[in-house]
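Here it is: the structure, laid out below.
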Amino acid sequence: MPEVRVDPLSGQRAIVATTPAGGPGDELRTRPAAPLELGTDPFAGGHEDRTPPELYAVRPNGGPPNSGGWSVRVVPSLYPVLTPDSPEPERQANPDLFWAGPALGAHELIINAPDPVSSLAQLTVEQVSVAMEVWRQRMRAHPDAACRHLIVNEGVQAGASLAHTHAQLYALDFVPAMIARERERFGAYAARTMGANMLADLVQDEVRRRERIVAIDGEAVLMAPYGARFPFQLMIAPRAPRMRFEDDGPIAAAMLHDALGRLARRLGSSPPLNLWIRTAPSGAEHFCWRIDIIPRLTHIGGLELGAGVNLNIVAPEQAAAELRDI
């Protein structure tokens with residue numbers, strides 16, 4: 001029977017199906033994405049003149065900016081939603097009802113590899129590791145940002161406007177409400193438990209229970225969250241808690257590559273998905289970074305949009321068991 005679950009990190013509620021097998025989730029499959037056409041791929045190696053001038057790049061053998069030979073490349077967004085010189089909007093007569101402010105910050109694209117592929121899962125684990133190190137470097141490049149939100153969208157269904165695998169970094173001058181709520185929940189948990197870290201305690205308890213654990217390595221734990229809002233939603237958490245992803249320490253590249261590979265094998269191909277890194281925003285005294293992965297396998301309807309309550313047709317215990325066995 002379905003049940004309502006609360007995600008301990010965000011406080012969000014989801015209606016989760018608890019049928020162990022034979023439900024509609026068994027039918028979830030994805031089709032392989034069409035191969036990228038090299039000639040029209042602006043992010044492919046050799047097409048450096050088709051992007052804005054680069055901000056940063058890794059060139060193992062050296063070379064000038066905006067030339068070939070790179071393994072990861074960072075460029076400003078061609079259509080940035082945040083800029084350091086965003087103009088002040090016209091003040092409204094009643095700002096209590098109609099408030100607007102400048103969209104200050106930075107919006108960067110991190111091209112994960114020169115290979116013309118649409119998914120991180122199609123790269124080697126070494127390539128994923130190099131890309132993630134650049135993610136960390138670019139998050140560090142915006143020390144004054146109130147919040148650094150790094151995302152990967154794969155597939156049109158997940159909002160990817162360019163198929164070539166890339167990440168986007170938003171350096172915001174404010175802390176979004178969802179992230180602020182998590183910051184407050186971490187703080188409240190620490191106050192109740194004499195300083196304990198909520199995600200660290202969650203990982204410890206999940207490892208003891210084992211029912212939602214998919215894999216464990218020396219750096220991280222891969223699990224299906226207890227309050228998962230989407231089928232086959234996954235979370236990667238570090239073995240040793242650390243507030244910020246951008247700080248020195250393990251980045252769980254091998255575990256991310258493993259997670260994406262398991263999803264691709266279970267679903268028939270790499271699914272459209274949204275991935276983001278949650279790192280401590282400004283004002284956080286207690287936090288722990290993590291990676292959230294949400295395959296886009298079902299549609300979002302009126303329940304989700306109107307009430308903020310997701311219906312998940314695959315219990316996280318079932319998802320974990322299937323992915324664990326792959």
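None of the figures in this text is laboratory data; all of them are computed from the coordinates on show. Just so it is clear, the structure is predicted and the values come from calculations on it, not from any experiment. Note that we place each Cβ from the backbone using ideal geometry, even for glycine, and neighbour counts take in every protein chain shown.
How far is the Cα center of the stretch 258-326 from the Cα center of the stretch 188-225, in Å?
16
Between LEU303, LEU222, LEU36, find the one with the highest GNM mean-square fluctuation for the chain; connect C-alpha pairs within less than 10 Å.
Taking springs between Cα atoms under 10 Å, the residue moving most is LEU303.
Moving on to the next point. With label points built 7 Å along Cα→Cβ from the Cα atoms of TRP99 and ILE151, find their separation and express it in nm.
2.3
Can you give the local net charge around GLY195? Use residues other than it whose beta-carbon is closer than 13 angstrom to its beta-carbon, Lys and Arg +1, Asp and Glu -1.
Numbers: positive: ARG192; negative: ASP201, GLU285.
Here the charged neighbours net out to -1.
Let me ask you something else. For SER269, SER10, which order do you get if you count the other beta carbons within 10 Å of each Cβ and list the fewest first?
Working: SER269 14, SER10 17.
Going from sparsest to densest Cβ surroundings: SER269, SER10.
What does the net charge come to around SER67 if you take all other residues with beta carbon closer than 15 Å to its beta carbon, with K and R at +1 and D and E at -1? Please report the intermediate quantities before stating the final value.
Values: positive: ARG50, ARG59, ARG73; negative: GLU48, ASP49, GLU54.
The answer is 0.
For n ≥ 4 DSSP H runs only, could you compute -39500 (n - 2.57) per run for the chain, divide by its residues and tell me the 222 nm figure to the nearest 500? Walk me through the numbers before you get to the answer.
Values: 5 runs with 68 residues, N = 326.
Taken over the chain, the calculation gives -6500 deg cm²/dmol.
Could you work out the relative contact order of the chain? I mean the mean sequence separation of Cα pairs under 8 Å and 6+ apart, divided by the number of residues, in percent. The partial results should precede the final answer.
Details: 704 pairs, mean separation 73.8, N = 326.
Over the chain, the number comes to 23 percent.
What residue among THR165, THR279, THR30 has the largest mean-square fluctuation in a Gaussian network model of the chain, using Cα springs under 10 Å?
THR30
Could you tell me the calculated FRET efficiency between ALA190 and THR40, based on Cβ-Cβ distance and R0 = 56 angstrom, to the nearest 0.05? If you can, show how the numbers build up before the last one.
Working: r = 50 Å, r/R0 = 0.90.
Once rounded, the FRET efficiency stands at 0.65.
Size of the dipole of the stretch 181-326 about the Cα centre, Lys and Arg at +1 and Asp and Glu at -1 on the beta carbon, nothing else charged, in debye to 20?
About 220 debye.
Report the net charge of residues surrounding ASP217, where surrounding means a beta-carbon distance below 11 angstrom and charges are Lys +1, Arg +1, Asp -1, Glu -1. Can you show the working numbers first?
Numbers: positive: ARG239; negative: GLU219, ASP258.
That sum, taken over residues with Cβ under 11 Å, equals -1.
Using the crude model of +1 on Lys and Arg Cβ and -1 on Asp and Glu Cβ, and no other charge, please compute the dipole size for the stretch 57-147 relative to its Cα centre, in debye to 20.
Working: 6 positive and 9 negative charges, 66 e Å.
Computed about the Cα centre, the dipole is about 320 debye.
Now for a different question. Which one of ALA315, ALA113, ALA100 has the biggest mean-square fluctuation once the chain is modelled by GNM with Cα springs under 10 Å?
With Cα springs under 10 Å in the chain, the top fluctuation among ALA315, ALA113, ALA100 is at ALA100.
On average, how much area does the Cα convex hull of the chain cover when viewed from any direction, in nm²?
Details: hull surface 74.0 nm².
Mean orientational projected area (the chain, Cα hull): 18.5 nm².
For the stretch 217-230, take each phi angle, set θ = phi - 60°, evaluate the Karplus expression 6.51 cos²θ - 1.76 cosθ + 1.60, and give the result in whole Hz per residue in order, putting x for glycine and proline.
Those phi angles translate into 10, x, 10, 8, 10, 10, 9, 8, x, 4, x, 3, 8, 9 Hz.
Here's something else I'd like to know. Go ahead and run the numbers for FRET between ARG210 and GLU285, Cβ-Cβ distance against an R0 of 22 Å, rounding to 0.05.
Working: r = 31 Å, r/R0 = 1.43.
It comes out at approximately 0.10.
Follow-up question, since we're still on this one. Quote the relative contact order of the stretch 211-257 in percent (integer), defining contacts as alpha-carbon pairs under 8 Å separated by 6+ residues. All intermediate terms of the calculation are to be shown ahead of the outcome.
Values: 60 pairs, mean separation 15.9, N = 47.
Dividing the mean separation by the residue count of the stretch 211-257 yields 34 percent.
Provide Rg and Dmax in Å for the stretch 1-142, with only Cα atoms included in the calculation.
Using the Cα atoms of the stretch 1-142, the pair Rg, Dmax is 21.7, 61 Å.
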